[in-house]
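**Q** Let me give you the structure first, and then I'll get to my questions.
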Amino acid sequence: MLHEIGLRQNTDKATHHNFCHFYEAYLPDAESILEIGVLDGASLRMWAEYFKTSRVTGWDINPIKMEYPVLKVDAHSRYEIKNSADHYDLIIDDGPHTMRSQHLLFGILFPYCKTYIIEDLHTSERADYQDGSPKTVDMLRELDSPLWTASERAYIRANVAEVKIYRDKPNDSWTCIITKV
């Protein structure tokens, strides 16, 4: 069902990346959703249609006008992330895909959600996304990052129940779902 909705909404989660079947198998119900990186809003529409009664919000460095609130937030700014943080059942990081942004967003926002997704983990293997921060796949394996505060590190280590990584085909995009204890 999520895949069909994704196709209808023309989100790359259903077309290019083929993440929707994985998500549908593992995602619990969500009453509130934040997606970071909204592009044209297709995936926000997909989430809203799938989770029919959910409050859907987006963050983007270049916010668009649409039927859901999209706030301007720089995913590389600890200050902006922290000051925009709010509680959500589900947070999806489909933002800039740099190592720095993925580390900061997860470190700061994980306490604010029940389930956290980081999309496009394959950028850990691409030189054009490297910015001096450790690879995100290593961060997830070790549950550690030099970009986290001591309290963020302690919270993450105490509260991550499982990290499920998904890749449709060997040379395809990766995504992951991080659940809490």
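The values are calculated or read from the model by the stated rules, or taken from the named source; none is laboratory data. Note that this is a predicted model, so its numbers are computed, not measured. With ideal geometry, Cβ positions are generated from the backbone for all residues, glycine too; neighbour counts draw on all protein chains shown.
**Q** Criterion first (exposed (fewer than 14 other Cβ atoms within 10 Å of the Cβ) and modelled with pLDDT of 95 or more) does R55 satisfy it? Steps first, please.
**A** On the way: exposed (fewer than 14 other Cβ atoms within 10 Å of the Cβ): no; modelled with pLDDT of 95 or more: yes.
Criteria not met by R55.
**Q** To continue, here is another question. Can you tell me how many residues within the stretch 50-73 are small (G, A, S) and not in a strand (DSSP E or B)? Lay out the reasoning, then the answer.
**A** Step one: list which residues in the stretch 50-73 are small (G, A, S), which gives 54, 58.
Still in the list and also not in a strand (DSSP E or B): 54.
Here the count works out to 1.
**Q** I'd like to check something: does the stretch 85-101 contain any residue that is more than 20 Å from T149 (Cα to Cα), among the β-branched types (V, I, T) and touching a Pro at 6+ places or on another chain (Cβ under 8 Å)?
**A** Within the stretch 85-101, not a single residue is more than 20 Å from T149 (Cα to Cα), among the β-branched types (V, I, T) and touching a Pro at 6+ places or on another chain (Cβ under 8 Å).
**Q** I've got another one for you. Given (1) closer than 21 Å to D172 by Cα; (2) surrounded by fewer than 21 Cβ atoms within 10 Å (Cβ to Cβ); (3) in contact with a His (Cβ under 8 Å, 6 or more places away or on another chain), where does L2 come up short, assuming only one miss?
**A** Among (1) closer than 21 Å to D172 by Cα; (2) surrounded by fewer than 21 Cβ atoms within 10 Å (Cβ to Cβ); (3) in contact with a His (Cβ under 8 Å, 6 or more places away or on another chain), L2 violates only (2).
**Q** When you go through R153, R141, R157 one by one, which is the residue that is at pLDDT 90 or above, touching a Gly at 6+ places or on another chain (Cβ under 9 Å) and surrounded by fewer than 17 Cβ atoms within 10 Å (Cβ to Cβ)? Talk me through it step by step, then tell me what you get.
**A** Numbers: R141 fails: touching a Gly at 6+ places or on another chain (Cβ under 9 Å); R157 fails: touching a Gly at 6+ places or on another chain (Cβ under 9 Å).
Being at pLDDT 90 or above, touching a Gly at 6+ places or on another chain (Cβ under 9 Å) and surrounded by fewer than 17 Cβ atoms within 10 Å (Cβ to Cβ) holds for just one of R153, R141, R157, which is R153.
**Q** State the number of residues belonging to the stretch 58-104 that are among the charged types (D, E, K, R) and in contact with a strand residue (DSSP E or B) (Cβ under 8 Å, 6 or more places away or on another chain). Before you say what the answer is, go through the steps one by one.
**A** If we filter the stretch 58-104 for residues that are among the charged types (D, E, K, R), which is where we start, we get 60, 65, 67, 72, 74, 78, 80, 82, 86, 89, 93-94, 100.
Subset that is in contact with a strand residue (DSSP E or B) (Cβ under 8 Å, 6 or more places away or on another chain): 60, 72, 86, 89, 93-94.
Within the stretch 58-104, residues that are among the charged types (D, E, K, R) and in contact with a strand residue (DSSP E or B) (Cβ under 8 Å, 6 or more places away or on another chain) number 6.
**Q** Do we find that L121 is out of contact with any Cys (no Cβ under 7 Å at 6 or more places or on another chain), under 27 Å from D29 (Cβ atoms) and among the hydrophobic types (A, V, I, L, M, F, W, C) in this structure?
**A** So L121 fails the test.
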